[in-house]
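Trainee: One structure is given below, represented as structure tokens, and several questions about it will come after.
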Amino acid sequence: MKEFNLDQEEIRGLNQHLHDMPSTDPNGSVTVTNPAGKHALAVGIDTPAEVTIEGHVGYYCAGMNQQATVHINGNAGPGLAENMMSGKVIVSGNASQYCGATAHGGLLVIRGDASSRCGISMKGVDIVVGGNVGHMSAFMAQTGRLVVCGDAGAALGDSIYEARLYVRGSVANLGADCIEKEMGEEHLQEVTELLEAAGMTDCKASDFRRYGSARQLYHFNIDNAY
């Protein structure tokens, strides 16, 4: 196991080591200590490595992740796991704005709360939040699943496409073209599997409600032309 102490080593060295791992040690593990809220840690990984960050991180941690599993034992700043393609990113604390933005795949787990615009323009990622999400979460969400074990802020799913949203608690209000939908057996199974993958088995799928697109924004309407 390789350890990087960011009190003594540069972020560039950490990220370069992670980028070199496919040819040196593709299944290796790395521990990062003293992150102290530094930005752009563990970005652009493309190997099935295991990365553990012991502490809080700043902007854009684990962005563009492919294959790797990144554990953050603390809180995360804005842009966590932005444009993630695959792998897992797991945060023990809270996440700031627009976590999982534009992410295409993989699993993002926030054990605490996520701030505004969680999953904005998500394109296939699965996001499981143990607490609450802020306003405009899943704005223009295209595909993927968002599971919220707490409450959701205003304008949930505004201008949503085909992503599936599941909320256990209350929803302040729904955004444009987002409606509540029936919770069938398929959806109960889906939520159960996602909760198990996220290690949040204290929640029951039957406690959740499903939200998705009314599909009214898909088509041109001559009445809206000027």
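Trainee: Kindly indicate the residue of segment 91-115 that is in contact (Cβ under 8 Å) with a residue 40 or more places away in the chain and assigned to a strand (DSSP E or B) and also surrounded by the most Cβ atoms within 10 Å (Cβ to Cβ) among those meeting that condition.
Mentor: Looking at the filtered set, the residue picked out is Val109.
Trainee: Further, regarding this structure: Can you tell me which residue among Val43, Val70, Val51 is in contact with a Gly (Cβ under 9 Å, 6 or more places away or on another chain) and assigned to a strand (DSSP E or B)?
Mentor: Exactly one of Val43, Val70, Val51 is in contact with a Gly (Cβ under 9 Å, 6 or more places away or on another chain) and assigned to a strand (DSSP E or B), namely Val70.
Results for (1) in a strand (DSSP E or B); (2) of a type in the set (Lys, Arg); (3) closer than 24 Å to Asn75 by Cα; (4) more than 10 Å from the chain's Cα centre (by Cα), shown as yes or no for each residue.
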{"site": "Cys118", "(1), (2), (3), (4)": "no, no, yes, no"}
{"site": "Ala154", "(1), (2), (3), (4)": "no, no, yes, yes"}
{"site": "Asp158", "(1), (2), (3), (4)": "no, no, no, yes"}
{"site": "Tyr161", "(1), (2), (3), (4)": "no, no, no, yes"}
{"site": "Leu195", "(1), (2), (3), (4)": "no, no, yes, yes"}
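Trainee: Right, here's the next one. With respect to Ser137, is the statement that it is outside any strand (DSSP E or B), under 23 Å from Gly112 (Cα atoms) and either among the polar types (S, T, N, Q) or not assigned by TED's automatic domain parsing to the domain that holds Arg209 (or both) true?
Mentor: yes
Trainee: Something else about it: Working carefully through the options Val30, Val57, Val91, find the one that is β-branched (Val, Ile, Thr) and within 12 Å of the chain's Cα centre (by Cα).
Mentor: The match here is Val91.
Trainee: Is there a residue in segment 185-207 that is in contact (Cβ under 8 Å) with a residue 24 or more places away in the chain, under 18 Å from Arg117 (Cβ atoms) and buried (at least 19 other Cβ atoms within 10 Å of the Cβ)?
Mentor: No, segment 185-207 has no match at all.
Trainee: Check Leu165, Leu188 and return the single one that is at pLDDT 95 or above, in a helix (DSSP H, G or I) and not hydroxyl-bearing (Ser, Thr, Tyr).
Mentor: Leu188
The values are calculated or read from the model by the stated rules, or taken from the named source; none is laboratory data. Treat the numbers as computed from the prediction; the structure is a model and nothing was measured. Quick reminder, even Gly has a Cβ in these numbers, built from the backbone with ideal geometry, and neighbours come from all protein chains shown.
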